[in-house]
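Asks: Quick one: this structure, given as structure tokens, is what I'll be asking you about.
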Amino acid sequence: LENPQSELAQALGRIQVLAIRDELTGLINRRHMMEVLNQHQKRLHRSGHHQFYLALLDVDHFKRINDTYGHNVGDEVLHRFAQVLESALRDTDILARWGGEEFVLLLNDTTSSLANIALERARTLLQEAPLVPSHPMISITFSAGMTGYMDGELLHTCIERADKALYRAKEQGRDCTVIDDRDSLEQEPLNPP
């Protein structure tokens with residue numbers, strides 16, 4: 001017979017995992033990602049050296065997959081999408097499910113060009129990866145909007161900027177990344193002549 005305390009400890013462990021993880025993809029969930037972003041924001045504010053970029057990613061035309069193949073296949077696509085993207089990232093980068101077919105990616109201690117290389121590596125791996133063995137013809141792309149966090153700004157301001165860049169990526173035909181580069185924003189004069 002199993003010890004009731006052991007069963008309780010196992011149940012508590014499962015609850016803790018479900019509190020921070022998305023059940024479908026295994027990635028951290030939106031709520032926990034906000035906690036992670038808050039920690040990074042504080043670290044940057046303290047050190048002044050720890051910079052990070054945020055990218056919002058959206059699986060292109062995902063509704064078509066659900067409508068054509070059903071939600072079970074759609075779920076499998078999202079699960080594999082998460083796995084493939086994680087395999088393209090560094091250990092210090094954090095991918096989270098933001099909601100539906102949207103994901104958010106935190107790219108630590110990097111520049112916009114290096115962060116973009118990571119997204120392009122993920123895009124290449126996604127083209128090569130078999131997503132659903134029972135439907136090998138399914139392939140997907142993603143659109144991304146990326147921006148750097150500026151010290152002192154509210155997190156939702158940075159997220160909103162990435163979201164606007166994502167919207168521009170979709171307007172430009174999808175399967176691309178639009179970068180709202182904070183470096184160019186910082187170089188603009190505060191009081192133009």
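The values are calculated or read from the model by the stated rules, or taken from the named source; none is laboratory data. Predicted model, so just to flag it, every value in this text is computed and none were measured. Cβ: placed from backbone, ideal geometry, glycine included. Neighbour counts: every protein chain shown. Remember, those area values only see protein heavy atoms, side chains included, never the ligands or the DNA or RNA. Shrake-Rupley method; radii C 1.70, N 1.55, O 1.52, S 1.80 Å.
Asks: Would you work out what percent of the accessible area of the stretch 60-177, with all protein chains in place, is carbon or sulfur (probe 1.4 Å)?
Replies: 51
Asks: Assigning unit charges at the beta carbon (Lys, Arg +1; Asp, Glu -1) and nothing else, what dipole magnitude in debye, to the nearest 20, does the stretch 1-130 show about its Cα centre?
Replies: Here the stretch 1-130 has a charge dipole of around 480 debye.
Asks: Can you give me the distance in nm between label points at R43 and T92, each placed 7 Å from the Cα along the Cα-to-Cβ direction?
Replies: Distance between label points: 0.8 nm.
Asks: How many nm separate the modelled label positions at R64 and A129, each set 7 Å beyond the Cα in the direction of the Cβ?
Replies: Once both label points are built, they end up 2.0 nm from each other.
Asks: Also, quick follow-up: Compute the accessible area per residue over the chain, keeping the other protein chains in place, probe 1.4 Å, unit Å².
Replies: 56
Asks: Please find the FRET efficiency linking D75 to Q16, where r is the Cβ-Cβ separation and R0 is fixed at 22 Å, and quote it to the nearest 0.05.
Replies: 0.40
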